[in-house]
Amino acid sequence: MTARKQPVQPQPTREAAAAAAAFLDGQRITTTGCRQCGTEISGVNGRYACSCCGWVNNWAEGDSELPGTDAPS
């Protein structure tokens, strides 16, 4: 048997790491009751998806704006 090679992960630049940290700093875990089945669910910045019944709230109901298409990924 031949050993599988593990893919090499590129190391992020300082700028990329700082941008990722700034993005994550603005995220909040929020909790609510599912509007369809009542299960307590958690989401990020007011955006929810229920794993019990499949209900999802509208993206516009979140607590913050979503990044635009010109935002870095």
| task | Using Cα pairs closer than 8 Å and at least 6 residues apart in sequence, work out the relative contact order for the chain, in percent. | result | 17 percent
| request: Roll a 1.4 Å probe over the protein chains and send me the accessible area per residue for segment 26-73 in Å². | output: 73 Å²
| message | Need one value: the accessible area of VAL44 in square angstrom, 1.4 angstrom probe, rounded to the nearest 10. | response | 70 Å²
| Accessible surface of ARG47 - all protein chains present, 1.4 Å probe, nearest 10 Å² | 50 Å²
| message | With a 1.4 Å probe and all protein chains kept in place, how much accessible area does ASP70 have, in Å² rounded to the nearest 10? | response | 140 Å²
| Does anyone have the angle between helix 14-25 and the longest principal axis of the chain? Alpha-carbon axes, 0 to 90°, nearest 10? | 20 degrees
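The values are calculated or read from the model by the stated rules, or taken from the named source; none is laboratory data. Predicted model, so just to flag it, every value in this text is computed and none were measured. Heads up: the accessible areas ignore ligands, DNA and RNA and are worked out on the full protein's heavy atoms, side chains in. Shrake-Rupley method; radii C 1.70, N 1.55, O 1.52, S 1.80 Å.
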